[in-house]
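S.K.: Starting off with a structure, shown below.
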Amino acid sequence: MAWNMRLLKKFGDLLDAADLKTTESDLQTLTRQVAGDALGAADGVFKEAAGGAAARVKDLNVTLSEGWADMKTQMVTDIKEFTPASTAAALGGDDSTVSEATRLSALRERVDELEAREAERLQSRQRLQDHLEEVETVVFRLQEELERSAEGERRSEASYFAAPPEAGQEEEDEQAIRTEFYDRQAAADDRSAVLAQELSQVLVSTEQVNVELDFWRDKAERMLRAQGLEEVPEDMQLALERDGSDDESADPQELTAASEDSERLAKEHDDELQACQDLETLLADLMRRSDAVMGCADEQRQLERELQGRLAAAEAEATAAAAAADREATRRSKAEVQHRQIQELRSAADEVPLSLSSSYKDVLRMRKEVDALRSRAEQTKAENSNLEENLLQHRVAAAADLERAVPLTSASCWQGLDEPLMKLVMLLVRSTCLRRTFALHLVAGRQCCINAELLLVLVVNIVYLTEPRSIPFFEADKDMPQGVASTLHEGAGEIPASQQSILMPEAVHEVARLPPASRQSVLMAEADQHMPQGVAENYRFWGQKRTVFVKTSKGCRFTDVDGKEFVDFRLGYGPIILGYRDERVDRVVCEQIMERGTLSGFSSGLDSEVARQIKGLCPQIEKIRFANSGTEAVMGALRTARGFTKRNRIATVEGSFHGLYDEMMWRTDLDNWDYDGKTEPHIIPAGGGIPPVSRDLMDIIVLNDFEKLEDLFKVRGDSLAAVILEPIIGNAGSISASQEWLQRLRDLCTENGTMLVIDEVKSGFRVAKGGAQELYGIYGDLTTYAKAIGNGYPVACFGGRRDVMDAIGSHQGGVVHGGTYSANMIAVSAAHATLKVLAETDANKTIDRVGQQLMDMLGRVFEEAGVENHFAGPPAMFGMHFGPNVPTNYRHWRTTRSGLYQCLDFAEVDLLFVVAGFVVVIVVSYVLFILHYVHCA
Ligand SMILES: Cc1ncc(COP(=O)(O)O)c(C=O)c1O
């Protein structure tokens with residue numbers, strides 16, 4: 001633009017100069033001079049402008065390497081328009097300076113316009129290029145998406161058809177899903193085809209754009225070349241030189257040609273512009289179509305997603321249907337098997353009558369016999385009731401005679417009975433409602449020792465004989481085939497501990513009819529030849545005549561060799577928690593020993609299984625070891641406690657029983673203790689053969705006595721390896737530790753590093769699934785289990801804290817534990833089956849319920865008799881006490897003089913029947929029971 005500005009300056013100077021000259025000649029001269037100057041200047045300016053334009057064209061050529069001919073052409077046009085000839089004509093003609101100025105200003109506008117056009121064209125070119133790039137990107141993306149979509153379709157189709165056939169699904173559903181799938185797939189295919197077509201169109205359009213661009217590029221270059229402007233526009237220089245040398249001689253034809261040329265170029269430029277605009281329109285159109293294609297692609301994707309969702313749902317449905325079909329098939333095959341079996345049975349049944357036809361007559365005959373027997377039984381029943389009525393009348397008369405002859409209050413009659421027992425005997429007589437017909441006489445002169453359990457038996461039997469329906473417990477027994485037995489047997493166990501020692505003859509009448517030489521006595525005489533006392537272990541000896549020899553057992557009953565049936569309230573001292581011969585347990589044991597044998601001296605895996613079951617019920621157990629009896633379990637636990645603590649002393653609680661281990665066989669001698677509150681009872685061995693040295697490391701504390709507890713730890717705290725106790729003392733009428741005392745014991749053990757060993761041999765899995773510890777919520781470091789764990793099979797264990805139990809082992813200084821029969825297959829399979837039943841059924845609840853019934857019944861009897869009594873312990877293991885309070889410890893219990901659990905002797909009670917003033921002993925002597933409690937003796 002420099003030349004243009006200079007030209008304008010020159011023009012200004014000219015005007016200025018014109019203002020200064022006033023004469024015409026001067027003006028003419030001046031004008032000529034100025035015009036000459038102006039022409040010179042214009043010449044210079046033009047040259048400069050031409051040079052600048054050439055440079056600019058070159059610049060443009062360099063910048064637009066692809067050659068933007070339109071711009072160059074425009075520049076050429078501009079330069080042409082700005083020819084020296086036209087300028088010279090304008091300046092040299094007779095036109096006024098104003099017209100020259102107008103032309104120059106038009107020239108300037110033209111130049112500006114050209115510049116603006118140039119910029120615009122550059123922009124439009126840029127836009128065009130950007131659009132092209134965008135279109136290519138879009139096209140590329142579309143291609144990718146199309147490929148992806150095609151791949152996805154291929155995959156979903158493959159997975160759909162790879163899915164298992166929809167067995168069992170309803171035909172229609174399946175068909176509908178398939179049809180819909182195919183429809184969707186066809187639609188997707190169509191869509192893909194359209195998209196592909198559109199894509200190819202876009203590609204073609206892009207190609208066209210490129211071709212057109214190339215075309216225009218070529219054309220522009222060709223034009224440039226035609227103009228010769230790719231180098232310096234020499235022709236223009238020449239023209240300028242020619243024009244400058246003689247401005248007057250400018251050829252009007254040449255000018256016309258130039259102006260035509262210029263018009264043509266302008267037209268071409270316009271065409272080119274138009275082409276550019278067309279291209280832009282095309283591009284916009286392409287963009288729109290690509291947008292549409294994008295939209296379609298989105299739609300396609302959405303469709304695909306939907307289709308995949310449907311496919312997934314269809315697959316899930318198909319899987320569910322397949323599973324249902326499998327189940328159905330299994331059920332059907334089972335049903336078929338059953339059906340076949342039924343058919344077989346039916347056909348077998350059809351054959352039976354044939355084989356039975358021969359014995360048909362026998363059956364008829366037997367039926368007749370049965371009917372005859374039945375009617376005879378009816379007859380006998382009627383006779384019996386007559387006899388009973390007669391008997392009742394006789395008894396009433398006899399009672400009146402008895403009262404007259406031997407008043408019931410006669411001291412001689414009741415000698416030997418102390419106050420509470422006397423009360424109870426009175427109760428017995430009264431509770432029979434036969435006050436005037438029966439007298440109970442204790443054989444004169446004989447020193448009888450009757451303890452409460454014997455009395456209980458008496459109560460129960462008399463009540464049973466006389467008023468069976470007044471007590472629900474026995475009512476059930478009469479009315480149901482199994483009676484109590486079934487109640488107990490239905491997943492239940494035994495009657496509570498304090499009743500365990502009672503064996504109750506079901507029909508006392510039968511006792512009276514015993515043959516003089518029974519099998520029992522023969523067997524007893526034989527046994528006497530071979531075993532001390534004629535028994536395999538002390539606790540089986542119930543006396544020479546009453547030691548029981550069992551023939552069969554089931555549930556809570558057993559029958560002895562002489563055919564007497566007993567309801568067993570003791571159930572093997574506790575183990576038979578599910579009843580005798582529980583099939584759930586026995587079957588498993590039989591299977592295991594038939595399959596694996598009884599014992600191998602190797603592990604079976606079932607031991608771990610049992611350990612897991614115990615841990616599931618008893619949270620304090622982390623590791624266990626097996627034993628064969630409660631005694632062994634206690635030995636193992638105490639040795640482990642000593643090994644872990646590296647201490648020796650052990651403390652027990654007065655009145656507890658922990659088996660036959662020497663150290664555990666020391667007891668307080670309450671029989672010879674003067675209860676004056678000042679002196680302490682002696683500690684004596686439970687029997688012969690227990691060495692005094694085994695007492696050296698033992699301490700005995702008193703249950704619920706805080707002072708003695710604190711003293712123990714004060715004196716022995718750092719040498720005490722363990723305190724062992726039963727929180728509910730089974731052999732002392734279930735006297736129980738108080739929550740606070742047990743907690744204090746727990747705390748002191750923890751503080752002093754002493755092991756608390758809780759003996760749950762009796763209470764374990766009985767008073768609660770988790771034993772006494774579950775009831776208290778207080779846990780020992782070690783626990784012993786036996787009895788109920790195996791429903792009568794010999795199995796026991798001890799366990800507890802992992803770190804303590806890990807003291808056991810073959811390592812240096814490890815605690816020795818073992819045993820040939822530990823965890824034998826009989827033991828572990830029995831434990832496994834029993835614990836399974838206990839864990840999975842409500843057996844414990846049943847035991848509680850029966851225990852509660854028994855407590856209620858006894859409570860009513862004692863209440864009627866006005867005998868003060870209390871029950872201790874949970875229903876599943878209760879004890880009863882005669883006195884104003886529940887004893888809180890063993891000593892206290894003994895001072896109530898209830899007579900419980902102290903009698904080593906047995907008693908005989910004779911019933912005397914008095915008729916018409918004569919005292920006649922008519923009934924048999926009942927040797928009811930031998931109460932033998934060596935545990936506590
Ligand atoms: C609490 C307690 N611990 C240990 C034992 C000893 O068990 P076992 O007779 O199996 O040796 C018993 C036995 O009655 C017991 O009641």
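The values are calculated or read from the model by the stated rules, or taken from the named source; none is laboratory data. Owing to the predicted nature of the structure, the values given are computational and were not obtained by experimental measurement. With ideal geometry, Cβ positions are generated from the backbone for all residues, glycine too; neighbour counts draw on all protein chains shown. Calculation scope for accessible area: heavy atoms of the full protein, side chains included, ligands and nucleic acids excluded. Shrake-Rupley method; radii C 1.70, N 1.55, O 1.52, S 1.80 Å.
S.K.: When residue 686 is evaluated against the numbered criteria (1) of a type outside the set (Val, Ile, Thr); (2) within 13 Å of the ligand (Cβ to nearest atom); (3) within 20 Å of residue 760 (Cβ to Cβ), which criterion, by number, is the only one it fails?
M.R.: For residue 686, the failing item is (3).
S.K.: Looking only at segment 721-746, count every residue that is among the polar types (S, T, N, Q), assigned to a strand (DSSP E or B) and either more than 16 Å from the ligand (Cβ to nearest atom) or in contact with a Cys (Cβ under 6 Å, 6 or more places away or on another chain) (or both) and tell me the total.
M.R.: Residues in segment 721-746 being among the polar types (S, T, N, Q), assigned to a strand (DSSP E or B) and either more than 16 Å from the ligand (Cβ to nearest atom) or in contact with a Cys (Cβ under 6 Å, 6 or more places away or on another chain) (or both): 0 in total.
S.K.: Related question: Sort out which residues of segment 789-800 are away from the ligand (no atom under 11 Å from the Cβ) and in contact with a Pro (Cβ under 7 Å, 6 or more places away or on another chain), and write them in order of number.
M.R.: 791, 792
S.K.: Further, regarding this structure: For residue 672, are the conditions met, namely being within 14 Å of the ligand (Cβ to nearest atom) and not basic (Lys, Arg)?
M.R.: Answer is no for this residue.
S.K.: Separate question: Sort through 601, 555, 605 and tell me the only one that's within 30 Å of the chain's Cα centre (by Cα), outside the structural domain of residue 697 (by TED's automatic domain parsing) and on the phi > 0 side of the Ramachandran plot.
M.R.: 605
S.K.: Check whether at least one residue in segment 757-768 is within 23 Å of residue 872 (Cα to Cα) and away from the ligand (no atom under 14 Å from the Cβ), and report yes or no.
M.R.: yes
S.K.: Let me ask something else about it. Among residues belonging to segment 264-297 that are open to solvent by 50 Å² or more (accessible area, probe 1.4 Å) and out of contact with any helix residue (DSSP H, G or I) (no Cβ under 9 Å at 6 or more places or on another chain), point out the one that is nearest to residue 187 (Cα to Cα).
M.R.: 288
S.K.: Quick check on this structure: which one of 650, 614, 624 is in the same structural domain as residue 795 (by TED's automatic domain parsing), hydrophobic (A, V, I, L, M, F, W, C) and either within 15 Å of the ligand (Cβ to nearest atom) or in contact with a helix residue (DSSP H, G or I) (Cβ under 8 Å, 6 or more places away or on another chain) (or both)?
M.R.: 650
S.K.: Can you tell me which residue within segment 747-787, out of those that are more than 29 Å from the chain's Cα centre (by Cα) and part of a helix (DSSP H, G or I), is nearest to residue 843 (Cα to Cα)?
M.R.: This residue is 787.
S.K.: Then there's this: From 566, 558, which residue is more than 22 Å from residue 789 (Cβ to Cβ) and not hydroxyl-bearing (Ser, Thr, Tyr)?
M.R.: 566
S.K.: Moving on. Restricting attention to segment 777-791, which residues are more than 11 Å from residue 621 (Cα to Cα) and surrounded by fewer than 24 Cβ atoms within 10 Å (Cβ to Cβ)?
M.R.: Listed by number, the residues that qualify are 777, 778.
S.K.: Of the numbered conditions (1) surrounded by fewer than 17 Cβ atoms within 10 Å (Cβ to Cβ); (2) at pLDDT 90 or above, residue 585 satisfies every one except a single condition; which is it?
M.R.: Result: residue 585 passes all but (1).
S.K.: List the pairs whose first member sits in segment 733-761 and is more than 24 Å from residue 893 (Cα to Cα) and without any contact (Cβ under 8 Å) to a residue 12 or more places away in the chain, whose second member is within 16 Å of the ligand (Cβ to nearest atom) and open to solvent by less than 10 Å² (accessible area, probe 1.4 Å), and whose Cβ atoms are under 9 Å apart, counting only residues at least 6 apart or on separate chains?
M.R.: Cβ pairs passing all conditions: 750/756.
S.K.: Name, by its number, the condition in (1) of a type in the set (D, E, K, R); (2) within 11 Å of the ligand (Cβ to nearest atom); (3) open to solvent by 20 Å² or more (accessible area, probe 1.4 Å) that does not hold for residue 774.
M.R.: Evaluating residue 774 over (1) of a type in the set (D, E, K, R); (2) within 11 Å of the ligand (Cβ to nearest atom); (3) open to solvent by 20 Å² or more (accessible area, probe 1.4 Å) leaves (2) as the failure.
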